[in-house]
Every structure is written in C-alpha cells, then in structure tokens.
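These notes concern the structure reproduced below.
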Amino acid sequence: MTLINQPDFEKLCQFIYRKTGIQIASSKYSTFGNKIEKMMIKNNLESFREFFHLLRFGDGTQLLQELINSITINETYFYREKYQFDVLVNKVFYELHNLKPAGEPLRVLCAPSSTGEEPYSIALQLLSENNIVHKRDIEIVGIDIDSDVIRRAQNGLFSKRSIQMIPPKILNDYFEKKSEDVYKITPFLTEAVEFKVANVMDKTSMKSLGKFDAIFSRNMLIYFDDASKREVCVTFYEMLNQKGWLFLGHADNINRATSLFTTVKYGDALVYKRG
C-alpha cells in the first residue's frame, strides 16, 4: 500500500517551501517518498491526508522537525574553502577590531552550521592565528534547521572523512581519537561555540539571535529560488552590524537577489559587505 503518491509529494514540497524556503523538485519523489512513508508509519499515521492535516493544523511541530531532518543535506568537512576562514581571521576581524569600541565582542553566525565543522573551523583558525583572540572576545553561534545535526555538533564527534583537511598538529592538539573512524573535539571548544535550532525563513527567531559582525551562510542559498534568497539576504542584512560581512559559498549567487551588499574581493574570496 502506497501512503504517499506523486501528487501528494508535490503538495508536500510546496508546504516545505513555504515553511523553509527549500525547493524540492517533484522528480525527487523516488528519493524521498519512501522516507516519508516510513515516518508516517512510525507515527501511526494511516494516510497522507492525516499526515498533512497534522502538519498544517494540529500540533505537528515535532513531526515537522522530523520531516525537515529527513530532507536536509548535511555534507561538509573541516576547513572547507579554507581561504574564507583566512580572510575572516586575518583581514575582516582586524578591520572590525579597529572599528568597534573596546570591550564589545566580535560575533559570528554560521547559518547553517550543519554538524559543526564550519563554526569549529573558525574557532581553530582563531587559535592558530593566536593574536586577535587575545585582543577581543569573539562569540561564535551556529544554527541549523535540522535538530539532529545540531545535537551532533554539540557532541563534537566527527568522522575520519570530516577531519581529513585538518593539519596534523591541530588534529593532535585539539582532537582525541576515539576509534578508527571517530574523533572528538576538545571540550573547551564545544563549550566555546553556541549551537541552536533555527529556521532562516523565520524572521522573528532569527532576529532574536541578536546582531552579528560576520555571517557565514555557505552552500545553502543554492537550494532557494530568487524570492527566498532575497528574503534571507534581507534578514542577514538586518542582523549585521554596520560594516558587517557576509560570507557565501562559491556556488551561491545573490547578484539577482539583492543589491544591499557591496562585493569585496580578497584574493580568491568574494565577500559581501554591509555599508
């Protein structure tokens, strides 16, 4: 018995888009249909109509989170596009340090943070530079719509593939090998980075995170259409302090989404600056 057919799946994709801004092609039915059916069976839901009604009108918060967790992609590793971390720590942080009043922290947001490799990479880059961290408090916040990956980020456990680009000295200094394929990052770093579940399309919850001096949002906007990109970019703009910076992935393109930012080139890195 099929609990979700192609028209049902397309209806669900539109619902997910309205909630998250994530576009899922109807051709992904064969990829996600079975996952969604298993979720419905697990939650004792006997029809798509019952499932969809609970999502829309019932107390389906936990079910919606489970659905989001099942369709999001969280493929990442430490020091991905490392040149951007170099620019953040060696260029942007020093410019911000000279602009901001003494005593105010520099705040960085990673959205999405996935399983934590990006925010922890920023922390490791700061420790390697070993200068700006002694001059200014730095706060790193990681958010993701997927509650499962947030829990994994907080645990600080990573696979051998995930840590493959980390220099041997840093790996030795800040990671403990737990098994042949599992490494645990040092506890003081899991305590130094704050992780939260948040949806970038929810302006209220995003603004409750406060203001930031830099936002990393890499390889997320490629899943959004122009309207959603524009909406997220406006939210990021409003969350950035004056002279704040937005870092995107090399495949992300906001040229058609917003003209709020000025593009600045640092070597191989294109960075977007709020005026």
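The values are calculated or read from the model by the stated rules, or taken from the named source; none is laboratory data. Note that the structure is predicted; figures quoted are calculated from it, not measured. Ideal geometry is used to build each Cβ from the backbone, glycine not excepted, and the neighbour counts take in all protein chains shown. Quick note on the areas: whole protein, heavy atoms, side chains included, nothing else; ligands and nucleic acids left out. Shrake-Rupley method; radii C 1.70, N 1.55, O 1.52, S 1.80 Å.
Find out how many positive minus negative residues lie around Glu46, taking Lys and Arg as positive, Asp and Glu as negative, among other residues whose Cβ is under 15 Å from that of Glu46. Spelling it out: positives minus negatives among the neighbours equals 0. If you take the beta carbon distance between Phe57 and Ile222 as r and set R0 to 41 Å, what does 1/(1 + (r/R0)^6) give as a FRET efficiency, to the nearest 0.05? The calculated FRET efficiency here is 0.80.
Which whole-angstrom value gives the distance between the alpha carbon centres of the stretch 91-143 and the stretch 162-241? Result: 12 Å between the Cα centres.
Straight-line cross-link reach from Lys38 at under 28 Å between alpha-carbon atoms covers these lysines, not counting any fewer than eight positions away in the same chain: Lys11, Lys19, Lys28, Lys196. Beta bridges per DSSP, both residues in the chain: antiparallel share near 45 percent. Across the chain, the volume of the C-alpha convex hull divided among the residues equals 145 Å³ per residue. Length gained on full extension, Ser70 to Arg136, computed as 0.36 nm times the residue gap minus the Cα-Cα distance: 19.8 nm. Take every DSSP beta bridge whose two residues both sit in the stretch 132-199; close to 60 percent of them are antiparallel. Per residue, the solvent-accessible area of the stretch 168-275 (1.4 Å probe, heavy atoms of protein chains only, all protein chains present) comes to 50 Å². Sorted largest first by accessible area at a 1.4 angstrom probe radius, with every protein chain in place, the residues Tyr237, Tyr83 fall in the order Tyr83, Tyr237. For the chain, a simple Cβ point-charge model (Lys and Arg +1, Asp and Glu -1, everything else neutral) yields a dipole of about 400 debye relative to the Cα centre.
Protection proxy ranking, highest mean first, for peptides 140-153, 120-133, 7-20: 140-153, 120-133, 7-20, where packing is the per-residue count of other beta-carbon atoms within 10 Å, averaged. Potential lengthening of the chain between Thr2 and Val197 amounts to 67.0 nm, from the contour at 0.36 nm per residue minus the alpha-carbon distance. Report the net charge of residues surrounding Arg80, where surrounding means a beta-carbon distance below 10 angstrom and charges are Lys +1, Arg +1, Asp -1, Glu -1. With Lys, Arg at +1 and Asp, Glu at -1, the net is -2. Per residue, the accessible area of the stretch 39-82 comes to 59 Å², computed with a 1.4 Å probe over protein heavy atoms only. Measuring r between the beta carbons of Glu95 and Glu180 and using R0 = 41 Å, the FRET efficiency lands at 0.45. The length gained on full extension between Glu104 and Glu81, counted as 0.36 nm times the residue separation minus their Cα-Cα distance, comes to 5.4 nm.
Give me the tail of P(r) for the stretch 184-232 as a percent: Cα-Cα pairs with distance above 15 Å. The calculated P(r) of the stretch 184-232 puts 61 percent of pairs beyond 15 Å. Between amide H atoms placed 1.01 Å from N, distances below 5 Å from Leu240 occur with Phe212, all of them 5 or more places distant or on a separate chain. Partner lysines whose Cα lies under 24 Å from the Cα of Lys243, excluding those fewer than 8 positions away in the same chain, are identified as Lys82, Lys91, Lys100, Lys135, Lys203, Lys207, Lys211, Lys229, Lys265, Lys273. Computed over the stretch 146-275, relative contact order equals 19 percent, with contacts defined as Cα pairs under 8 Å that lie 6+ residues apart.
By DSSP, the beta bridges lying fully in the stretch 190-275 are antiparallel in about 65 percent of cases. Label zone of Ser259 (point 7 Å out along Cα→Cβ, amide N under 16 Å): in the stretch 197-238 this covers 230, 234. With R₀ set to 25 Å, the beta-carbon distance separating Asp268 from Ala25 gives a calculated FRET efficiency near 0.20.
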